[in-house]
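Enquirer: Before we start, here is the structure in question, set down as structure tokens.
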Amino acid sequence: MVGDHGGDRDDDGAAADRVPAVPAPVRSIIHARGYPVMRLLTWNIQCGKGCDGVTDLSRIVTVARQTLDADVFCFQEVSANFSRFGDGADQSAQLAALLPGYSAIFRPAIETMDRAGSIHCFGNMTLSRLPVLQIANHLLPFPGAGGVRSMRRHALEVTVQASFGAVRIVNTHLEFHSAVQRHAQITRLLDLQQDASGSPRQASSRHDEPYGSQTVAASSLMCGDFNFDVADPQHALIDRARRPGLNYRDAWTANRPGRPRAPTCGIFDRAQWADGPDCRDFIFVTEDLVSRVRSIEVNAATDASDHQPLGIELAD
């Protein structure tokens, strides 16, 4: 059992929850690698299945990289060993191989075992070429699971070192069929942000025990497929939150207030989206990052998934 002694202070005796500025060597390395901004792309890739019915992860990665030379890719709907998707392949391993030079983090919302003992997983994946400091996987509330068609959802939280500081990248995908479940999931995501911004901490330079090895950044970028549109009150639950600490704001309107919203689904797959184009994919940034939003754009030209890639640049 790990005791409390010595775990609450870093090597120089300072409190472990003090958040220092980005160390100069890290900052210079990030700039030397050409990262004066942080670029992120989020995309529900539908397990690589395009609107033509073809599953092709190589196409997904090609389109993603052509859309944005991203430092961080956040993919939703990644399957590992479910036979319905990609012939049962481990798509997380395939995506990692297709993006060499990126730290690849896949965590499941669904993890089940068949009678033969094989594991089947479904969830989100984050790939980063920025230094990764911390990883957490948060299973989201699942109320009324037996009463409505639904599945477990999660938020994959990967803290990266940007040139301007540590940022928690929250990659999520909320329930489609149940507004009640989505509301509970949104509440949990806001709770997590309130906790993090109310008590940030920075890991020490050594990682020889767990107490001093944790980074909890107040600054955060939350992205993914939220399964509500911009007119839904559930969008306002996030965008207009007034909780203690740093709240999330929709990066699209923060970047250009009044700018027409680009749809992120329903452009090509009219069978799945009978009501036509809609916006269900968002990037939210905490209030301290709003002024850093340089651009945010949707790639509306690709039909490699039933959703569109959404990319953002944050200035140094």
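Enquirer: Accessible area per residue of the stretch 72-136 at 1.4 Å probe, in Å²?
Expert: Here the residues of the stretch 72-136 average 45 Å² of exposed surface.
Enquirer: Want the number for Asp232 to Ser83: 0.36 nm per residue separation, take away the alpha-carbon distance, what's left?
Expert: Working: separation 149, 0.36 × 149 = 53.64 nm, distance 3.45 nm.
Net length gain for the segment: 50.2 nm.
Enquirer: Okay, next question. Anyone know which of Gly88, Gly147, Gly48 comes out most mobile in the 10 Å Cα GNM of the chain?
Expert: Looking only at Gly88, Gly147, Gly48, the biggest GNM fluctuation is shown by Gly147.
Enquirer: Compute the separation of the alpha-carbon centres of the stretch 82-152 and the stretch 171-194 and state it in Å as a whole number.
Expert: So the two Cα centres are separated by 18 Å.
Enquirer: Quick check: the angle from helix 179-198's long axis to the longest principal axis of the chain, C-alpha only, nearest 10 degrees?
Expert: Roughly 20 degrees, rounded to the nearest 10.
Enquirer: In what sequence, highest mean first, do 168-180, 125-137 appear when ranked by Cβ atoms within 10 angstrom? Please report the intermediate quantities before stating the final value.
Expert: Values: 168-180: 21.8, 125-137: 19.7.
Going by the mean number of other Cβ atoms within 10 Å, highest first, we get 168-180, 125-137.
Enquirer: Right, next: Just to be sure I understand: with springs between alpha-carbon atoms less than 10 Å apart, which residue in Gln161, Gln66, Gln194 has the highest mean-square fluctuation in the Gaussian network model of the chain?
Expert: Between Gln161, Gln66, Gln194, it is Gln66 that shows the largest mean-square fluctuation.
Enquirer: Which whole-number percent is the relative contact order of the chain (Cα, under 8 Å, 6+ apart)?
Expert: 20
Enquirer: How would you order 111-121, 306-316 from highest to lowest mean count of nearby Cβ atoms within 10 Å?
Expert: Descending packing order for the listed peptides: 306-316, 111-121.
Enquirer: May I pose another question? What relative contact order, as a whole-number percentage, does the stretch 73-174 give when Cα pairs under 8 Å and 6 or more residues apart are counted?
Expert: Contact order relative to length: 25 percent.
Enquirer: Can you give the Rg to Rh ratio of the stretch 116-226, both from alpha-carbon atoms, with Rh computed by the Kirkwood formula?
Expert: 1.03
Enquirer: Still on this structure: Run the accessible area of the chain with a 1.4 Å probe and give the carbon-and-sulfur part as a rounded percent.
Expert: Of all accessible area on the chain, carbon and sulfur atoms account for 50 percent.
Enquirer: Can you give the three extents of the C-alpha atoms in the stretch 37-152 along their principal axes, from longest to shortest, in whole Å?
Expert: 45, 34, 27
Enquirer: Report, by chain and number, residues whose modeled amide H sits under 5 Å from the one on Glu77, excluding near sequence neighbours (fewer than 5 apart, same chain).
Expert: Residues meeting the criterion, in which the H sits 1.01 Å from N, are Gly123.
Enquirer: With the chain treated as a Gaussian network of Cα nodes joined by springs under 10 Å, which of Ala271, Ala97, Ala251 yields the largest mean-square fluctuation?
Expert: Ala271
Enquirer: Sorted by mean Cβ packing within 10 Å, highest first, what order do the peptides 218-228, 277-287 take? Can you show the working numbers first?
Expert: Values: 218-228: 24.1, 277-287: 21.3.
Those peptides, ordered most packed to least, come out 218-228, 277-287.
Enquirer: Using the heavy atoms of the protein chains alone and a 1.4 angstrom probe, what is the accessible area of the stretch 167-316 per residue in square angstrom? Show your work: numbers first, answer last.
Expert: Numbers: 6010 Å² over 150 residues.
Computed with neighbouring chains in place, this is 40 Å² per residue.
Enquirer: Averaging over every viewing direction, what projected area does the convex hull of the Cα atoms of the chain cover, in nm²?
Expert: Numbers: hull surface 71.3 nm².
Its average projected convex-hull area is 17.8 nm².
The values are calculated or read from the model by the stated rules, or taken from the named source; none is laboratory data. Quick caveat: nothing in here was measured; it's all calculated off a predicted structure. Neighbour counts are summed over all protein chains in view; Cβ atoms, including those assigned to glycine, are modelled from backbone coordinates with ideal geometry. Ligands, DNA and RNA are excluded from the accessible area calculation, which covers all protein heavy atoms including side chains. Shrake-Rupley method; radii C 1.70, N 1.55, O 1.52, S 1.80 Å.
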